[in-house]
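Only one structure is covered here, and it is reproduced in the block below.
The values are calculated or read from the model by the stated rules, or taken from the named source; none is laboratory data. Values in this document were obtained by computation on a predicted structure and should not be read as measured data. In this analysis, Cβ positions are derived from the backbone assuming ideal geometry, glycine residues included, and neighbour counts consider all displayed protein chains.
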Amino acid sequence: MEDEQLLFLSDVIPTSYWSVEHSGVKKGDTVIVLGSGPIGLMTQKFAWLKGATRVIAVDQVEHRLEHARKTNNVETYNFSNNEKVGELLHEETGGGADVVIDCVGMDGAVPPNTSFGSKHNNQFGTISPLITASQSVRKFGTVQVTGVYGTEANNFPLGDFFTRNVSLKTGQAPVIHIMPKLYEMIENKTFDPTDIITHRASLDDAAKVYDIFDKKEDGSIKVIFKP
């Protein structure tokens, strides 16, 4: 196999695969994936492979959503066009998704009219994906938190999760333990791990390409460097 096929076994593929496995996605489920970066895109693939009958992608970067539609055949919602996307998804799914997987984390966009940081000044980001998840999951559904939240947070929607019997699952993927299975899946062409790659560059161009990635320009999603 080519190097590009195996490159993402170190992180992207195991994290995405484990997100779906740990969340308990089963045949017939409706799954919402928050974020359509590399992890979100791979998570969408694995949700289909587990038997989901409906997969919905949410992001604010239009070229990511276009990539998700093109490569994963998912429904897409751009939350920059609707501040209440969680409530909209709850309605559009007829009472909420069976599983919502957060592939964003605390680096996500801060919604308008939201105070930045916690009262202890140690929350350097947002928990808006968790708010969206709490609004768009069904009663007795599951929210899988794959995005990284490294600090305390204000306004955590504990009441929404508790009163609606929502299961909240978190943690980091046991990467080494699932590598052999994923290697076999790639070898058997069960899925294509390379279609998240949008840019290939030499190390000499690293600074230039990183700037493009950082500014989310030129359709950038995943960059690989080739010596």
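Under 6 Å between Cβ atoms, which residue pairs at least 6 apart in sequence (or on different chains) link something in region 84-103 that is farther than 18 Å from Gln144 by Cα with a partner that is in a loop (DSSP other than H, G, I, E, B) and not β-branched (Val, Ile, Thr)?
Leu88/Asn82
Test of understanding: among Glu75, Glu66, Glu83, which residue is in the same structural domain as Pro38 (by TED's automatic domain parsing), acidic (Asp, Glu) and more than 17 Å from the chain's Cα centre (by Cα)? Break it down stepwise before answering.
Details: Glu75 fails: more than 17 Å from the chain's Cα centre (by Cα); Glu66 fails: more than 17 Å from the chain's Cα centre (by Cα).
Sole residue among the options that is in the same structural domain as Pro38 (by TED's automatic domain parsing), acidic (Asp, Glu) and more than 17 Å from the chain's Cα centre (by Cα): Glu83.
Run down Val104, Val33, Val99 and say which single residue is touching a helix residue (DSSP H, G or I) at 6+ places or on another chain (Cβ under 9 Å), crowded, with 18+ Cβ neighbours inside 10 Å, of a type outside the set (Gly, Ala, Ser) and part of a loop (DSSP other than H, G, I, E, B).
Val104
Output the residue which, of all residues in region 113-136 that are under 27 Å from Gly95 (Cα atoms) and of a type outside the set (S, T, N, Q), is modelled with the lowest pLDDT.
The residue in question is Ile127.
Specify the residue that is modelled with the lowest pLDDT; the eligible residues are those in region 1-30 that are charged (D, E, K, R) and either under 27 Å from Ser128 (Cα atoms) or surrounded by 23 or more Cβ atoms within 10 Å (Cβ to Cβ) (or both).
Start the filter on region 1-30 by keeping residues that are charged (D, E, K, R), which leaves 2-4, 11, 21, 26-27, 29.
Keeping just the survivors that are either under 27 Å from Ser128 (Cα atoms) or surrounded by 23 or more Cβ atoms within 10 Å (Cβ to Cβ) (or both) gives 11, 21, 26, 29.
Values: Asp11: 91, Glu21: 97, Lys26: 97, Asp29: 98.
Selected residue: Asp11.
Quick check on this structure: which one of Thr132, Thr126, Thr151, Thr142 is in the same structural domain as Ala57 (by TED's automatic domain parsing), β-branched (Val, Ile, Thr) and without any contact (Cβ under 8 Å) to a residue 40 or more places away in the chain? Reasoning before the result, please.
Details: Thr132 fails: without any contact (Cβ under 8 Å) to a residue 40 or more places away in the chain; Thr151 fails: without any contact (Cβ under 8 Å) to a residue 40 or more places away in the chain; Thr142 fails: without any contact (Cβ under 8 Å) to a residue 40 or more places away in the chain.
Just a single option satisfies the conditions, and that option is Thr126.
When the residues of region 51-65 are filtered to those that are touching a residue at least 60 places away in the same chain (Cβ under 8 Å) and assigned to a helix (DSSP H, G or I), which remaining residue is surrounded by the most Cβ atoms within 10 Å (Cβ to Cβ)?
Among them, the one singled out is Arg64.
On the basis of being surrounded by fewer than 17 Cβ atoms within 10 Å (Cβ to Cβ), more than 22 Å from Lys215 (Cα to Cα) and of a type in the set (Val, Ile, Thr), does Thr93 make the cut?
no
Might you let me know whether region 203-214 holds any residue that is surrounded by 14 or more Cβ atoms within 10 Å (Cβ to Cβ) and in a loop (DSSP other than H, G, I, E, B)?
Within region 203-214 (the criterion being surrounded by 14 or more Cβ atoms within 10 Å (Cβ to Cβ) and in a loop (DSSP other than H, G, I, E, B)), the answer is no, since none of the residues qualifies.
Let's see how each residue does on (1) in contact with a Gly (Cβ under 7 Å, 6 or more places away or on another chain); (2) modelled with pLDDT of 95 or more; (3) loosely packed, with under 12 Cβ neighbours inside 10 Å; (4) not in a loop (DSSP other than H, G, I, E, B):
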position	(1), (2), (3), (4)
Arg138	yes, yes, no, yes
Val143	no, yes, no, yes
Phe156	no, no, no, no
Met179	no, yes, no, yes
Leu182	no, yes, no, yes
Met185	no, yes, no, yes
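For region 7-19, indicate whether the set of residues that are touching a Ser or Thr at 6+ places or on another chain (Cβ under 6 Å) and not in a loop (DSSP other than H, G, I, E, B) is non-empty.
Taking every residue of region 7-19 in turn, at least one turns out to be touching a Ser or Thr at 6+ places or on another chain (Cβ under 6 Å) and not in a loop (DSSP other than H, G, I, E, B).
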